[in-house]
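Working notes, beginning with the structure itself.
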Amino acid sequence: MSELRWTLPQGAYTDPGVFADDLEHVFARGWTFAGHSCELGPGDWFRVALGRDQVIVVRDVDGTLQAHHDVCAHRGSRVTTTERGTAKAFVCPYHQWVYGLDGCLRSARLMGDTFWDEQSTTAGVRLAPAAVREIAGLVFVCLAATPDDAPEFDGFADAAARHLGPHGLDDAVIVARDHYRVAANWKTLVENNRECYHCRGSHPEFSLSNFEHGTHGDVRPNPRYDTAVAQARARWRARGLATDDVSFPGGSWYRFTRLPLREGFTTETLDGRLVGRVMGTLPDPDVGSLRVVGLPNLWAHANADYAMTTRLTPVDAGTTDVEVCFLVHADARLDDARVDALTAVWRATSEQDWALCEATYAGVASRGYRPGPLSPVVEGSVASFLDWYLGRWPAAS
């Protein structure tokens, strides 16, 4: 039996100072999930907010993805006034300075000849760049890094290309985008996602198609499940799909694993039947469900006919914004009834999770909270997440 592990002290979830340090050391300095490649045609942009920072992610006319801090180089005004849009240039609403999609200054009215003559000075007057990468249809940013000093990304990119690439998210469309504001610390949401201890009693829709096993850290023996996994992976390998478990290698921030669904279910819908056409270059509908985790703010399930992504944005110590997106093949044509069928399992499961997290956080924030013991049988992945989280803090290095 593994050593007994415990949840964090109350202040780790409720203290505003800890929350501020989370933004700095966990979110801003690492790669965070920002959105989807399919949202960004030439000239299209969206913005990503995190604490005091706001970043514009835009695709240039030549297809290059760019990221810029949303801060005018004149006197610091925000440049954007909406969440997303399409533009040929960015115009600051304060004094109408104009920036190209590459972030370079194109026009600054009434600045005089001296300003433009000082090339050595004006060359650096631009929207400050941030690091951005995209792979397999997912877009990530690092707010605290320039493109030249961003943290390592290649390991994630390799795993994403092999496992998620065949699902074709870069050639997909978003058919539903749900927003939630959850009254809980972001770590409470991640902890909830990293175990299925609660699934049987809380997620009837999810449990129709998914085994209770398979979460990283669940050490329960189950010969029937193990056989189902082995047989499914043998079929998938024969069809050219990656079947190796990539599970936070070397204490890193990502996981990819393809798992079978229950007998009679081809996708995560209430009846197990496909709603849309098979995505990407998948060989056939028998592909199970690919589970993706990108700490600290992404989890996703990619099925034969749709993918679901969940993106967390911490607001304050006790509040987290969540965006849940549903993607299908770009040529799929779904009416409202079919979109409802496609989203039913994960809308129910997500909303059940938010209620669980809010109830948990209310208790954590109360006088009666004490750190509690984690199950060494089914909550090993919660302990692993807490190890990863504590490792982001400078004092742990």
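The values are calculated or read from the model by the stated rules, or taken from the named source; none is laboratory data. In this text the structure is predicted, and so the values were computed from the model without any measurement. Please note: Cβ atoms are built from the backbone with ideal geometry, for glycine as well, and neighbour counts cover all protein chains shown.
Of 100, 168, all but one fail to be closer than 30 Å to residue 336 by Cα and not charged (D, E, K, R); the exception is 168.
Taking (1) farther than 30 Å from residue 334 by Cβ; (2) touching an Asp or Glu at 6+ places or on another chain (Cβ under 9 Å) in turn, residue 150 satisfies each apart from (2). Exactly one residue among 156, 140 is among the aromatic types (Phe, Trp, Tyr), out of contact with any helix residue (DSSP H, G or I) (no Cβ under 6 Å at 6 or more places or on another chain), buried (at least 18 other Cβ atoms within 10 Å of the Cβ) and part of a helix (DSSP H, G or I), and that residue is 156.
For the range 340-396, the tally of residues that are within 30 Å of residue 208 (Cβ to Cβ), in a helix (DSSP H, G or I) and in contact (Cβ under 8 Å) with a residue 60 or more places away in the chain stands at 26. Condition check: of a type outside the set (A, V, I, L, M), under 30 Å from residue 15 (Cα atoms), surrounded by fewer than 20 Cβ atoms within 10 Å (Cβ to Cβ) and touching a residue at least 40 places away in the same chain (Cβ under 8 Å). Does residue 284 satisfy that? For residue 284, the condition - of a type outside the set (A, V, I, L, M), under 30 Å from residue 15 (Cα atoms), surrounded by fewer than 20 Cβ atoms within 10 Å (Cβ to Cβ) and touching a residue at least 40 places away in the same chain (Cβ under 8 Å) - is not met. I need the full set of residues from the range 201-242 which are farther than 20 Å from residue 265 by Cβ and not in a loop (DSSP other than H, G, I, E, B), in order please. Listed by number, the residues that qualify are 201, 223, 237, 238. Kindly provide the set of residues from the range 109-134 that are over 22 Å from residue 54 (Cα atoms) and among the aliphatic types (A, V, I, L, M), ordered by number. Listed by number, the residues that qualify are 110, 111, 123. Can you confirm whether residue 251 is assigned by TED's automatic domain parsing to the domain that holds residue 335, without any contact (Cβ under 8 Å) to a residue 40 or more places away in the chain, in contact with a Gly (Cβ under 9 Å, 6 or more places away or on another chain) and surrounded by fewer than 20 Cβ atoms within 10 Å (Cβ to Cβ)? Considered against the rule, which asks whether it is assigned by TED's automatic domain parsing to the domain that holds residue 335, without any contact (Cβ under 8 Å) to a residue 40 or more places away in the chain, in contact with a Gly (Cβ under 9 Å, 6 or more places away or on another chain) and surrounded by fewer than 20 Cβ atoms within 10 Å (Cβ to Cβ), residue 251 comes out as no. So, residue 64, is that one within 22 Å of the chain's Cα centre (by Cα), surrounded by 18 or more Cβ atoms within 10 Å (Cβ to Cβ) and of a type in the set (Val, Ile, Thr) or not? No.
Looking only at residues in the range 24-50 that are buried (at least 17 other Cβ atoms within 10 Å of the Cβ) and touching an Asp or Glu at 6+ places or on another chain (Cβ under 8 Å), the one that is nearest to residue 297 (Cα to Cα) is 28. In the set (1) modelled with pLDDT under 95; (2) surrounded by 19 or more Cβ atoms within 10 Å (Cβ to Cβ); (3) hydrophobic (A, V, I, L, M, F, W, C), the condition left unmet by residue 261 is number (1). Within the option set 372, 363, being over 24 Å from residue 219 (Cα atoms) and modelled with pLDDT of 95 or more holds for one residue only, 363.
Let's see how each residue does on (1) touching a Leu at 6+ places or on another chain (Cβ under 8 Å); (2) closer than 23 Å to residue 136 by Cβ; (3) not assigned by TED's automatic domain parsing to the domain that holds residue 254:
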{"position": "7", "(1), (2), (3)": "yes, no, yes"}
{"position": "25", "(1), (2), (3)": "no, no, yes"}
{"position": "37", "(1), (2), (3)": "yes, yes, yes"}
{"position": "40", "(1), (2), (3)": "yes, yes, yes"}
{"position": "43", "(1), (2), (3)": "yes, yes, yes"}
{"position": "47", "(1), (2), (3)": "no, yes, yes"}
{"position": "51", "(1), (2), (3)": "yes, no, yes"}
{"position": "67", "(1), (2), (3)": "no, yes, yes"}
{"position": "83", "(1), (2), (3)": "no, no, yes"}
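Does residue 332 count as crowded, with 19+ Cβ neighbours inside 10 Å, more than 20 Å from the chain's Cα centre (by Cα) and not in a strand (DSSP E or B)? Yes: the conditions hold for residue 332.
Among the strands (runs of 3 or more DSSP E) lying completely within the range 5-97, list those that include at least 2 residues that are in contact (Cβ under 8 Å) with a residue 60 or more places away in the chain and touching a His at 6+ places or on another chain (Cβ under 7 Å). Even if it seems obvious, please write down each step before you answer.
Details: elements: 32-36, 44-50, 53-59, 65-69, 84-86.
By residue number, 53-59.
Restricting to the range 264-281, give me the number of residues that are more than 17 Å from residue 136 (Cβ to Cβ), of a type in the set (A, V, I, L, M, F, W, C), surrounded by fewer than 22 Cβ atoms within 10 Å (Cβ to Cβ) and touching an Asp or Glu at 6+ places or on another chain (Cβ under 7 Å). Let's see the steps before the verdict.
Taking the range 264-281 and keeping what is more than 17 Å from residue 136 (Cβ to Cβ), we get 264-277.
Add one more test, that the residue is of a type in the set (A, V, I, L, M, F, W, C), and what stays is 265, 270, 274-275.
Restricting the remaining residues to those that are surrounded by fewer than 22 Cβ atoms within 10 Å (Cβ to Cβ) gives 265, 270, 274.
With the extra rule that they be touching an Asp or Glu at 6+ places or on another chain (Cβ under 7 Å), the set shrinks to 270, 274.
Looking only at that region, the number is 2.
Within the range 161-197, the set of residues being surrounded by 21 or more Cβ atoms within 10 Å (Cβ to Cβ) and assigned to a loop (DSSP other than H, G, I, E, B) comprises 164, 168, 184, 185, 194, 195, 196. Can you pull out the residues in the range 245-259 that are farther than 13 Å from residue 160 by Cβ and assigned to a loop (DSSP other than H, G, I, E, B)? Matches in the range 245-259: 245, 248.
Would you confirm, using the coordinates I've provided, whether residue 289 is closer than 30 Å to residue 25 by Cβ and either in contact with an Asp or Glu (Cβ under 9 Å, 6 or more places away or on another chain) or in contact (Cβ under 8 Å) with a residue 24 or more places away in the chain (or both)? No; evaluated as a whole, the condition is false for this residue.
For every residue, the table says whether it meets (1) farther than 26 Å from residue 130 by Cα; (2) touching a residue at least 60 places away in the same chain (Cβ under 8 Å).
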{"site": "158", "(1), (2)": "no, no"}
{"site": "167", "(1), (2)": "yes, yes"}
{"site": "178", "(1), (2)": "yes, yes"}
{"site": "209", "(1), (2)": "yes, yes"}
{"site": "232", "(1), (2)": "yes, no"}
{"site": "239", "(1), (2)": "yes, no"}
